[in-house]
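Structure, as structure tokens:
The values are calculated or read from the model by the stated rules, or taken from the named source; none is laboratory data. A quick note: this is a predicted structure, and the numbers were derived from the prediction, not measured. Positions of Cβ are backbone-derived with ideal geometry, glycine not excepted, and every protein chain shown enters the neighbour counts.
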Amino acid sequence: MKNKPKPDDRRDNVDKIQYNIDQTIKNYRLAEEMISETDDEKMKKALEEKNERREESLNSMRKEIKDEATDKQNEYK
């Protein structure tokens, strides 16, 4: 018996992306708090670098959510 791939179900993609955006923002803010409270320069640098990557991820996720919304609008035309 061959395994069939699951069908591509994108109905809740926007919700999943929005959840990921919310979690990334939460982590970004927590890291900012840690940066302001620590004297450990190595930790500050690591957290700042992580937040830079988070910003890039947020930009990508926001673009993806716009694409999904556009796809959904085109679906109803």
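Things worth noting here:
- Members of region 42-68 that are among the hydrophobic types (A, V, I, L, M, F, W, C) and under 9 Å from the mean Cα position of the chain (by Cα): Leu58, Met61
For every residue, the table says whether it meets (1) surrounded by 12 or more Cβ atoms within 10 Å (Cβ to Cβ); (2) at pLDDT 95 or above.
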| position | (1), (2) |
| --- | --- |
| Ala31 | yes, yes |
| Asp39 | no, yes |
| Lys44 | yes, yes |
| Lys50 | yes, yes |
| Met61 | yes, yes |
| Asp71 | yes, no |
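- Taking each residue of region 12-32 that is free of Cβ contacts under 8 Å to residues at least 60 places away in the same chain and looking for partners that are among the β-branched types (Val, Ile, Thr) with beta-carbon atoms closer than 7 Å, six or more apart or interchain, yields Val14/Ile65; Ile17/Ile65; Gln18/Ile65.
- Looking across Lys16, Lys2, one residue alone is part of a loop (DSSP other than H, G, I, E, B) and modelled with pLDDT under 95. It is Lys2.
- Yes/no for Arg54 being in contact with a Ser or Thr (Cβ under 6 Å, 6 or more places away or on another chain) and either in a helix (DSSP H, G or I) or not aliphatic (A, V, I, L, M) (or both): yes
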